[in-house]
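To start, the structure under review is shown below, and the notes come after it.
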Amino acid sequence: MRNRVGNDREAGFTLLELLVVIAILGLLIGMVAPAALRQLGSAKASIGRQSIERIGGMLDIYKLDVGSYPTTDEGLEALVSKPTEAAGWNGPYIKGGKVPLDPWNHAYVYRYPSNRTDHEYDLCSPGPSARNGSDDGMICNP
């Protein structure tokens with residue numbers, strides 16, 4: 001059996017080696033994390049647009065049944081429970097018994113008639129900022 005008394009210094013990592021590895025890992029995380037967060041933000045915006053289109057389809061079915069879109073006062077809740085003046089209502093139009101929230105957990109903004117030209121109604125997600133009274137960053141029906 002060999003004597004290993006002189007090889008104790010080679011048994012582990014030095015502090016300098018550990019610091020180099022930590023610095024490299026920090027650089028990699030610093031480069032990858034912002035790109036991953038950007039992708040997450042764009043994915044939520046895409047989900048928001050798809051949800052608006054899906055709810056818009058439900059509003060169109062509501063209009064076919066009732067004859068007009070729900071009023072602003074009735075809101076999207078008219079897709080879940082029958083409004084008093086809605087003859088021909090054949091809902092609920094949304095499964096689960098409640099109006100869904102946007103990907104940022106905010107309520108959708110619904111207006112009928114629309115404030116925009118060439119639109120019958122407005123269905124918008126406040127987006128990630130959700131500033132009250134501001135249309136900045138809102139994602140709306142096309």
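Here are some notes:
- Correct choice for volume of the Cα convex hull per residue in Å³ that was computed from the model, options (1) 189; (2) 146; (3) 234: (1)
- Database remark: amide H of TYR121 closer than 5 angstrom to the amide H of SER114 (H placed geometrically; neighbours at sequence offset of 5 or more, or on other chains; Pro and chain starts carry no H).
- Sparse packing (at most 16 other Cβ atoms within 10 Å of the Cβ) combined with a DSSP loop state is found for the following GluC sites (Glu not before Pro) in region 51-85: GLU85.
- Sequence-ordered 3J(HN,Hα) estimates for region 112-117 from the Karplus curve with 6.51, -1.76 and 1.60 and θ = phi - 60° stand at 9, x, 6, 8, 9, 6 Hz, glycine and proline given as x.
- 0 to 90° range, to nearest 10: angle between helix 15-66 axis and the chain longest Cα axis: 10
- Taking trypsin sites (Lys or Arg not before Pro) as exposed when DSSP calls them loop and at most 15 other C-beta atoms lie within 10 angstrom, the chain has its longest site-free stretch at 5-94.
Read-outs: derived from the displayed coordinates by stated rules, not from any lab. Everything numeric here is computed off the predicted structure, so don't read it as measured data. Glycine also receives a Cβ, built like all others from the backbone with ideal geometry; neighbour counts cover every protein chain displayed.
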